[in-house]
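As structure tokens, the structure follows; a few thoughts come after it.
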Amino acid sequence: MKKFIGISILALLVGFFSANAQDTAKNVTTKVKESAVKVGDKTAELASKGKNAITDKVYKDKEGPNGETIYIDKHSKYYWIDKKGHKVPISKNKLISKQ
């Protein structure tokens, strides 16, 4: 009987630690994926800003509603770069003078 109780307790402990290890592995995997997405977004943002600073004009007297740098493309369209590296068009009347 003592052996049966000992084996049962051992089986419960192994099952508990196994489940705990799986949860830890899932948490680590999730955090790695989230970090990879953040790094990818920041890389895309910096690459887009660098490319657009060279190919398009920077509007030095105006800025976006949240202080974004405004670019002017070859078709005289105004836009700014978001955190994922995408061009976000903005109308001229929404631009704010720099202080």
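With a simple spin-label model that places each label point 7 Å from the Cα along the Cα-to-Cβ direction, the separation between VAL37 and LYS2 comes to 5.5 nm.
Given the pairs LYS77/LYS98; LYS33/LYS77; LYS38/LYS62; LYS57/LYS98, which span a C-alpha to C-alpha distance of over 27 angstrom in this model? Listed pairs above 27 Å: LYS33/LYS77; LYS38/LYS62.
Any read-out appearing in this document is the output of simple, stated calculations on the displayed coordinates, not a laboratory observation. All values derive from a computational prediction rather than experimental measurement. Neighbour counts run over all protein chains shown; Cβ positions are idealised from the backbone, glycine included.
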